[in-house]
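The values are calculated or read from the model by the stated rules, or taken from the named source; none is laboratory data. The shown structure was predicted, so the numbers you read here are calculated from the model rather than taken from an experiment. For neighbour counting, all protein chains shown are included, and Cβ atoms are generated from backbone atoms with ideal geometry for every residue, glycine included. Note: accessible area is taken over every heavy atom of the protein model, side chains too, but ligands, DNA and RNA are not part of it. Shrake-Rupley method; radii C 1.70, N 1.55, O 1.52, S 1.80 Å.
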Amino acid sequence: MDTRTWDTLVGSMKSAYVKGVREGAVPRPVIMPLVRGELVGLVWVRPTEPGADALTGIAALSNIAAAAGADEVVLAWETREVATACELPVADPAPCLNMVRATPDGHVLHQFPYEESPSAGSADTEDPAPALDWEQAPAPRPDGELPPPVRAAVEYAFTPMELDHPNPFGVTVVLMEEDGYTVRLTDVFDH
């Protein structure tokens, strides 16, 4: 993936987090598979129950990447959100938008810590929406530690999918949508 695409994905995720926090919740974990540098789309995890269901739901994000034959994936998640949903210890930094860039050869963890602060709001707003103050991002960490479900999603994203179907990608998209995943494909990969 080129630098411009990466910067666009980071900017998009940061904007989604600002909007999400203002609306009362951070976005769900999302995978962004790429094939030969082209973004396939974005797939957000389905609604999950705490514990094993959340672990499985996040790990299964890999299905779309495997079906597309992705050669690179980006996953984004919020530290506290994933830890709480999966009943795992909260790692530092928190709160934090995490983004991992992965290929079959390894991954690099990028972290974007933030603080929520009340915004000034306008004179006619009684309850101002919170704002995000992005803090200094630590240096990207090659092979940085990933929470178990994210690590599984990265590992399985590059495992060839064995579906006896003429369109494994299309059927995977349909099945994921039926399971409650939110799937937004780019025009190039739209089924």
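Yes/no matrix, rows are residues, columns are (1) under 19 Å from residue 47 (Cα atoms); (2) out of contact with any Ser or Thr (no Cβ under 6 Å at 6 or more places or on another chain); (3) open to solvent by less than 30 Å² (accessible area, probe 1.4 Å); (4) at pLDDT 95 or above:
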residue: 69; (1), (2), (3), (4): no, yes, no, no
residue: 99; (1), (2), (3), (4): no, yes, yes, yes
residue: 102; (1), (2), (3), (4): no, yes, yes, yes
residue: 105; (1), (2), (3), (4): no, yes, no, yes
residue: 108; (1), (2), (3), (4): no, yes, no, yes
residue: 111; (1), (2), (3), (4): no, yes, yes, yes
residue: 132; (1), (2), (3), (4): no, yes, yes, no
residue: 141; (1), (2), (3), (4): no, yes, no, yes
residue: 152; (1), (2), (3), (4): yes, yes, yes, yes
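Just the residues that are open to solvent by 10 Å² or more (accessible area, probe 1.4 Å), in contact (Cβ under 8 Å) with a residue 24 or more places away in the chain and over 14 Å from residue 101 (Cα atoms), please, taken from the stretch 8-20.
14, 18
Does the stretch 85-94 include one or more residues that are farther than 24 Å from residue 130 by Cα, of a type outside the set (Phe, Trp, Tyr), crowded, with 21+ Cβ neighbours inside 10 Å and within 13 Å of the chain's Cα centre (by Cα)?
Scanning the stretch 85-94, I find no residue that is farther than 24 Å from residue 130 by Cα, of a type outside the set (Phe, Trp, Tyr), crowded, with 21+ Cβ neighbours inside 10 Å and within 13 Å of the chain's Cα centre (by Cα), so the answer is no.
Residues in the stretch 27-57 that are in a helix (DSSP H, G or I), open to solvent by 10 Å² or more (accessible area, probe 1.4 Å) and touching a Pro at 6+ places or on another chain (Cβ under 9 Å): how many?
Count: 2.
Of the residues that sit in the stretch 135-191 and are of a type in the set (A, V, I, L, M) and in contact with a Pro (Cβ under 9 Å, 6 or more places away or on another chain), which one is farthest from residue 69 (Cα to Cα)?
Among those residues, the one meeting the criterion is 137.
For the stretch 157-184, give me the residue count where each residue is part of a loop (DSSP other than H, G, I, E, B) and either at pLDDT below 85 or surrounded by fewer than 16 Cβ atoms within 10 Å (Cβ to Cβ) (or both).
Count: 11.
Scan the stretch 9-26 residue by residue and report those that are over 14 Å from residue 110 (Cβ atoms) and assigned to a helix (DSSP H, G or I).
Answer for the stretch 9-26, where residues must be over 14 Å from residue 110 (Cβ atoms) and assigned to a helix (DSSP H, G or I): 15, 16, 18, 19, 20, 21, 22, 23.
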